[in-house]
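Q: To start, I am sharing the structure in question, which I have written as structure tokens.
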Amino acid sequence: MAPSDSAIKKNVRESIKYIRKSISLEPKIAVILGSGLGDFADSLEDKIKIATADIPHYPKSTVEGHRGFLVFGKLNGLSVMAVQGRTHYYEGHSIPEVAYVVRIMAEIGIKTLLVTNAAGGVNPLFKPGDLMIIDDHINFMFRNPLRGPVIEPETRWTDMYQAYDRKCIQTIEEIGLALGIPLRKGVLFASTGPTYETASEVKMAQKMGGDAVSMSTVPEVLIARSRGIKVAGISCITNMATGISKTALSHREVTEIANQVKDKFQKLIREILIKLGNAA
């Protein structure tokens, strides 16, 4: 049975109460860091790290490359919240638990969310190490964290027009040009995992309009949009999907490629957060 409206609100309040004991910052922008990308949070100034395992009701992260911290700090004078280690549906969590951190963000006062992930390339023009602006998504998880009781001020009938904010996308494109970092743009196809897609499933994703495949991100975006939080997203193409790649896939490959491009990626994330955060 799904938890009640009042139970979810109570859990979020207790999580916030615990977090507020450690921080005084009022960030308006947050970033969720994908596989192998958590090091960025350590670059924040005057940072405070809160272990998610210590936060009441917070789902536990069990995946290598996802450390399990909420990090609050400064970036060029701007207050920022960073999620260093997301939780995933394939770990055994429910979809609402996967998106729980975004409900916390909304209560903290986040206005803009940057989601990042490691993704497999479905578009044959892509290559490992490419960075893709998420232009839209396809929810092939067939699950939605808004299912069940309405948690006010969320809305059941959330409009997904411009799920990924057009102005944010334009700003990211301008940042990429200014930094000399080539950026792809495409549609994220999300499945539940944890197995990688078959060659036939990859062909299906291509025919449906997908450019990259991921096992995360979409549940977070759905809650964010229901709470009126603007969303921007970047996928790091860490491998080519089955049928395109000529070799077997592994999580080690994902983290290795993410580590190879992390300097470029962190430079991009830094500028995105500064620009979008100052506009929030």
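Q: Which residues, taken from the range 104-131, are among the aliphatic types (A, V, I, L, M) and either farther than 22 Å from residue 194 by Cα or open to solvent by 30 Å² or more (accessible area, probe 1.4 Å) (or both)?
A: Listed by number, the residues that qualify are 104, 105, 106, 108, 110, 113, 114, 125, 131.
Q: Another question about this same structure. Restricting to the range 41-92, give me the number of residues that are closer than 22 Å to residue 279 by Cβ, of a type in the set (Asp, Glu) and out of contact with any strand residue (DSSP E or B) (no Cβ under 7 Å at 6 or more places or on another chain).
A: Qualifying residue count for the region: 0.
The values are calculated or read from the model by the stated rules, or taken from the named source; none is laboratory data. From a predicted model like this one, the values you see are computed outputs, not experimental measurements. Every residue, glycine among them, receives a Cβ derived from its backbone with ideal geometry; neighbour counts consider all protein chains shown. SASA here: full protein model, heavy atoms, side chains in, ligands and nucleic acids out. Shrake-Rupley method; radii C 1.70, N 1.55, O 1.52, S 1.80 Å.
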